[in-house]
Each structure stands twice: as C-alpha cells, then as structure tokens.
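Step one of this worksheet: look at the structure below.
The values are calculated or read from the model by the stated rules, or taken from the named source; none is laboratory data. Bear in mind that the values here come from a model prediction, so they are computed numbers and not experimental data. For neighbour counting, all protein chains shown are included, and Cβ atoms are generated from backbone atoms with ideal geometry for every residue, glycine included.
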Amino acid sequence: MTRGTTLLVLFALTVVGQALTPTTVLTTVDQARLKAVFENARPFTDLASAHYSILGLKLLGAQIPNTHDNCNYVKSAVDYKSPESLYYASAATKALGNCQLSNSNAQNTLQAAIKDGVDVPTLFFVVSALANLGLPVNSNEVVNALTEALKTDDSILSGSMALHIAAQLSKETDVKVIFESIEDLVAQADEVGEKYLQFEGDLGLTSFFVVGAYRLAGQQNKAPLIMEDQAVKFANYLLSRKHVQSPKNAYDVAAGLSTLGNNKVNCITCCLCVCLFTFQYHIPVCITRESSMTVSSAQSKVQVRVSNVMSGALGKLTVKADSAERKEDGAVVLSNSALSSVPKDNTLYELDFLKTKAGRGFYTIEFSVAADKPDSRLIGLSGAQVEVKVVTTVNVEEVELSLEDKDQSTPPRVTKVQYPQKTGSNLAGDHHQNLVMKFLLKDKADNSAMEAHQAFVRLTNKRTKQEVIFVAEADDDHVYKFELDIGASAKEHFNSLSGLYAMDLVVGDALIQNPFAWNVADLQLKFPEDSATSEEKPNLYQPREEIKHMFREPEVRPPATVSTAFTGLVLLPVLILLGLWIKLGVNIANFPLSLSAIGFHIGLGSILVLYYLFFVQLNMFHTLKYLAILGTLTFLAGNRLLGSIANKRKQLLRSRLR
C-alpha cells in the first residue's frame, strides 16, 4: 500500500464544503455528568475501574479527589506478575502524579513478556506500561514481535492496539506498514444511516481506534488516513453514546471526543523555516442551537453555539446563516446573513430572525463558518442545520352566536361577543332550533386571517360535568362555522339530558403563542325527551361487578339399574372369552415368569382399573396424573418384554439353521 507525497499534499490542501456536520456536542452539563460517573466509582472495587476513573477525571480537567488514598489503592491492587495489571496501575499512577510503583519488579515482568509468540494484547500492555513508567523500550524488538503477532491475529482490536504500540516507539522506528493500516481498519467500520461510523457497535473499540489513529499520526508527523466525513461520522457515533453510566464507557467517550476536539497541526518547512504544506488533522465544528426553538416577538433572536465536540472555543470565527427555508412551502426568507457574537462568550452567536419579516411556521436555517485565522484542521464548516419555529399571537374576531328555527319561520337571533368577554345573559334553545357559531382567527403580527390546527367547541353540563366536544371547521375564506342541530344530537351526544351548559371555544396550535379556552356563553338546552325519569349518561369509569367463572354443572347420572346393565354388557365379552379359553384349553406354560412380563400385564390391568375409577370417582386431572405414572412403567416393561421375546425367536431360528 503505497501513496505518493503529491496525493497527501493534495488531500491536505483540498477544501471541500461538508454537508455532514456533528449532530450534537458534549456540553458542559454532559461533561459534569461524566465526571460524576467517575467520582461515583469510588470506593474502587477493581484496578480497571480505578484506572478509568482517574484517567477520566484528568482527561476532563477535573480535580482528582483523595489522591493519596487512590495511590495507596493502586499500589495494593497491582499484580506485578501481570502485564495487564501493570498497564492499568502505571497509567493511573502517572495520572495521579506523585505516586510511584516499584519499577524494578515491574521491569522484570514486562521485559520478560516480550518473547517469541507473544500476542498483540500482551505486547500492548507491556509497551504502554514501560512508557508510563519511563522505562526503556527496545523498539526494533517490539516491531518484530508485533509483526509476527499480527500475522496470526488481524482483528480490528489487534490492529488498533498496534497503532497505540507504534505511537509509543521511537520516531526513528519504521512503522510505515502499521500507519498505512489505518485506512484498511476504517474500511472495516460499519456505517449507520449515513451519519455514524462504528466498529461492530462497540463503543470501546471505536474510541480506542480513533485515539490510536490520531496518536500515531501525531507521532509520525503525517496526516491521518481518515477522510473528513469519516471523522465526523466517528464523532457522531461517540456523541450518540454520551449518556453512558459505567466508568469504562464514560472514559471511552471522553477519550475519543477529546482526541477529535483538539489534535495538533504539523508543517513541512523549507530551509528558511517557512511552512510550505500543512498536514490536515480533523477537528469537527459543531453548530448547535442554544436558544429555545420558539421564536416570538418577545424572543426574536436565534442563538447558536459554535465549538468543537467538547464545547471548546475554536478561536475567532465568522458565522453566517446561508439560508432559512420555511418547511411548509419552501419559501426562503433570508440568505447570507452574518451572525453577531455574544459578549463574554466566544462560542455563542446570535441572529435576529424576525428582522427578516418571517411569518409563522417551521424553518430550517443552514449555517456556515469561516475561521478568521485559517485552520486546516476544522471540518464540517458548512451545511449545519438548525430548526426553529416562529409563533404568533392570535386574535378572535367577528364572533357571532345565533339560534335559528329549523323551519325559518322567524329570523335568527344573533348575539355578538367580544373576546375574552362572555354573553351578558343565558341563551335558550330547544329541539326545534339549530345553534350556530361563527368566528375568525387573525394573526396579530400582520392581521391576516389564519387557521388553527385545533379549534373545538365544548359544551359542558354544569350539573353533571359531562362534556361534549365538537370540531369547528373553516371555509375557503378562513371563516370558522359551527352548527349544532339540537334535536338531532339530543340522544347521541347529550343523552337527552336537558339543562344549563357552558359553551367554550378551545383553540390551539404549535404556532400559536396564546392558545386559549374561552367561555363564550351559557346555554339552556331543552331536548324532546326531557323528563324526570331521564337517565343520565352512565359513568364509564366506575368499577364494575367482579366476573366470576362458573363451571358447567355435571350432568345427572342415569339410574343405578341402567348403569349396572351397561356394565354387564361391557363385561359380557370378557366372560365369553374366559369360557372359550376353558373349553378350548389354554396353554400358559410359555408365559415368561420375568419381572418385565409380570409388570407389563399388571400395568395394563392397572390402567383398566384407573379408567373405571375415572368413570365413578376421579376427575380428569387426577386421572391424567396417575395415567402418566402407570403408562410410563407399562411402556418400559412392555418394551423390555418384547425385546426378550425377539431375542428368543432369533436364538430359536439360529438353532434350526444349524
């Protein structure tokens, strides 16, 4: 696998607008939660948990509590004969600072482990522990052992460990083959939904590879063989797992995101110490909405946070809203609008969205970022999208209530109501009339007629509190009209229960800032079946009577004479059989007097007796239980009896053939 310098330079200098950007960010709240996971791991129960807890706190820049106690625990828990145990302990003591292991005991174990046939994991533990303890590492010997070990184990985990091993060797060591394996390992990652890149759904393996790849790239002063969109997808996967609860998983998230949040940049210089080419590393740029999704006249600004995946600042930036498109009709309300920075927060930028005269609706705003000081590490600079909704205040106008005679013999009585007032007197209607309500909803921002997602008329019986809800529909001119045939709906909706009803108008919508339930009037309704005996609508939620299962009553047995006669008829064939055997003469000399033969015939007889008891006394469940026992014994005895008979026949046949 060879690559020319020209290809690397072109790859490093090419700037392509990335449509793929991180979906979220590890906020300060997320980091505080991960710190709590590390702190709650104490008191430690094993060395690995102590290792991940201590390293995780240091990685997040938190103070490590009880340093002395932690050091004593690590020293007491380490097994100097185990390279893995020494790896965990050496990393923990290095992070603690003023804590030392017995280097002489550790060095003997670690150097003895580098031998022919050593596997990749052991080699990783050995090299990492030696590096943590500041002990010398024979790089050439390690490379030879690693090359042989990879021939027998080429798994993703072993390949990732090889990256970490190579990153800890001297810079003069030839690890070109291991470095170029980064691209092959990335090709084995699973892509999910064109947003995430992971290894077999394993958080630890994915994070371990990401850290190893960028660690080795930094040691070799080469651009990591990971494409920009692949780096963003790795970041998205790690961010999707930020709600983990175990110390190991929390460390994996923090380690992977810390690597993608800040990695160094290297230059190729000439003799005049001028930076000719910059090797491009990867820092995904995260653009996340900081303000509420709702934009209104009271809160007209949209705030976004522009940071790395660890919520860290990226320096001075120019942030622009490239476009804002309304989802409903695709209308674009702004383009190429610069955002202003928020004082005292160098990661926060804001845009006064209502200056665009954007009407109510859902909008998708697309952003782009440019660094004032060029930084080739920044990726995902364009294509980040944030969704907002513009809400409005609604007014209710031209509200009219009327009771119209069905035969139109008299003109309707129209009552006009002003929101939020209520009619001065009660309205009375009977089954000869129709109740009609008309109203208009207007957007307060531009005084235009509008429709709401939910518009209901609710009638509530003031005595029983039973509610009846109807939908109000708008016509082509956005005028809402509700009409109720009092007589036709009496039984179906009101259970023919006359009385005083409260009439409410209920209006709501995701884009309405002031949804309301307005008590418009009180109505005295009289239905045709109104009487003192009229039943109220039953309560559907009251407890019902317990349902008790009743078994079918057993049928009456026939008289004893009938049963006796039937029994005699059933036994008659047996008596006839016995009589014929006596007359013909029965030869029982060949009956085998074996345990199997006697058991088989006794079992058959017992089953017949059981059937009789079932007929006169036992129920089906007891009968089946006894039958299972008798049937099993009878089967085993019969099987053995038949086998013995077959053997006797074979012996008789052989004797005749001789």
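Observations
- Hits in the stretch 42-54 (condition: crowded, with 22+ Cβ neighbours inside 10 Å and over 14 Å from residue 69 (Cα atoms)): 52
- In the stretch 55-76, the residues that are small (Gly, Ala, Ser) and surrounded by fewer than 18 Cβ atoms within 10 Å (Cβ to Cβ) form Cβ pairs under 8 Å with partners that are modelled with pLDDT of 90 or more and in a helix (DSSP H, G or I), at six or more places apart or across chains, as follows: 62/35; 62/38.
- Applying a threshold of 9 Å to beta carbon distances and a minimum spacing of six or more residues, or different chains, the list of pairs starting in the stretch 410-430 at a residue that is over 12 Å from residue 520 (Cβ atoms) and ending at one that is small (Gly, Ala, Ser) and assigned to a loop (DSSP other than H, G, I, E, B) reads 430/487; 430/498.
- Every test in (1) over 60 Å from the mean Cα position of the chain (by Cα); (2) under 30 Å from residue 557 (Cβ atoms) is passed by residue 598 save one, and that test is (2).
- Of all residues in the stretch 415-462, those that are surrounded by 13 or more Cβ atoms within 10 Å (Cβ to Cβ) and within 19 Å of residue 502 (Cα to Cα) total 24.
- Considering the conditions (1) among the polar types (S, T, N, Q); (2) modelled with pLDDT under 90; (3) crowded, with 16+ Cβ neighbours inside 10 Å, residue 122 is excluded by exactly one of them, (2).
- Take the conditions (1) under 30 Å from residue 326 (Cα atoms); (2) part of a strand (DSSP E or B); (3) under 45 Å from the mean Cα position of the chain (by Cα); residue 445 misses just one of them, which is (2).
- Any chance residue 255 is assigned by TED's automatic domain parsing to the domain that holds residue 142 and without any contact (Cβ under 8 Å) to a residue 60 or more places away in the chain: no
- The stretch 359-414, subset more than 30 Å from residue 236 (Cβ to Cβ) and aliphatic (A, V, I, L, M), residue surrounded by the fewest Cβ atoms within 10 Å (Cβ to Cβ): 414
- Odd one out for residue 107 among (1) more than 30 Å from residue 28 (Cα to Cα); (2) touching an Asp or Glu at 6+ places or on another chain (Cβ under 9 Å): (2)
- Filter result for residue 436 (among the aliphatic types (A, V, I, L, M), part of a strand (DSSP E or B) and within 40 Å of the chain's Cα centre (by Cα)): no
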